[in-house]
Amino acid sequence: MKTVQGLLFSCFICCSISAQEFSSTLNDYIKQQQQENQIPAIAVSLITPDTIFSYVNGKVRLTKKERIPQDAKFHLGSNSKAITSFIAMHLSEQEVISFDTSFFELFPELETASQKAYSNITLGDLLAHNAQIPAYTKGTELVKFNNLTGNTSEKRYAFAKTVLTEKPVKTGTYSNAGYVLAALMLEKASGKSFKKLLDKIMNDLDLSYFIGFPNKENDMFPWGHLEQNGSLTSLAPDHSYKLHSFMVSAGDISMNIEDYSKFIKLNLQGLIGKDNYLGADDYKKLHFEKPTYAYGWGNIEKKGQKMSYHDGSAGTYYCHTVLFPEKEIAVVIMANTATEEAVSAIYDIQKWISDKPQKAKK
């Protein structure tokens, strides 16, 4: 049985355009998967360089009849890392910071007490999980930081100061803590809080977002569901479970399917060679500069075709994103549960869509 304290914080790993609808056949298939696998609410999109096809269906929570609105936000979990890396690349293009910038170049006062293994870590190392920073992917690991004081940036600094004294892990270990340190670097280099940097990007792209679980913004947005004793329990907006404020850069952003799909469309456009908010070459760096995991994106090559992807969950929601540059499509699926059955269904839906691209209804 999962407990709130033991929830996983992560998983393995713009142009505005009106969303088109999926075919009735696919809509029926998604509904069937929802019913068979107890997925209370789901949002699905197929993205091409020019169009977003989307489908939103379900209830606010499993045991009630209230339907979610079409603009309902879902929690991105660790898919937030792609947004953090996007911000970092934007600042790099503006020459505010470089992916080669050393952490201790910005925070020399922290080096003496830190582990020697961290001496040369860079922004790029942190974003690519190559800095040997402990993972902090379990809620229980973060309990010791419950009493940090100050504003979010001050808590982020205090968290980093402690983490840097801890024993390093194997290079390549997926690390939420590393993304906290990366946000700290972006704050120091820009002179702005991470929240202001996030606001700037979202305002520039005309995208709506919320920090935290979406039902804390609007109780008609999907409530997260936790499996306990074989049954799904919905977590109310006033439930005590939440992520620490300094963890937003690692995984605490919520967005609706259309706005998040617009963000993914920018990435897809860049991967097929089109400049937009970032240069096309920089999108390729974010997704594919390093094997297995670049900057906010995992990647793999199958049958000569590259794909980049990321999954995210804080245990009560799930977000699955995959981009196929050669096919010129991307798929996003969001749900308000993260059970094994639900995740398996999400992957089945994604395969159905990516193998059978949709045509817009006339």
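We did not get these values from a lab; they are worked out from the coordinates using the rules stated. Here the structure is a predicted model, which means the values were calculated and not measured. So basically every Cβ, Gly included, is an ideal-geometry build from the backbone, and we count neighbours across all protein chains shown.
Okay, here's what the table says:
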read-out: Any strands (runs of 3 or more DSSP E) falling wholly within the range 25-81 and containing at least 2 residues that are more than 19 Å from E217 (Cα to Cα) and not aromatic (F, W, Y); value: 41-47, 52-58
read-out: Residue match in the range 84-98 (condition: in contact with a strand residue (DSSP E or B) (Cβ under 8 Å, 6 or more places away or on another chain), crowded, with 19+ Cβ neighbours inside 10 Å, closer than 28 Å to A314 by Cβ and not hydrophobic (A, V, I, L, M, F, W, C)); value: no
read-out: Residue within the range 39-52 that is out of contact with any strand residue (DSSP E or B) (no Cβ under 8 Å at 6 or more places or on another chain) and within 21 Å of Y277 (Cβ to Cβ) present; value: yes
read-out: Residue count for the range 116-127, restricted to those that are surrounded by 15 or more Cβ atoms within 10 Å (Cβ to Cβ) and assigned to a loop (DSSP other than H, G, I, E, B); value: 1
read-out: Hits in the range 278-304 (condition: crowded, with 16+ Cβ neighbours inside 10 Å and either aliphatic (A, V, I, L, M) or part of a strand (DSSP E or B) (or both)); value: L278, L286, Y293, A294, G298, N299
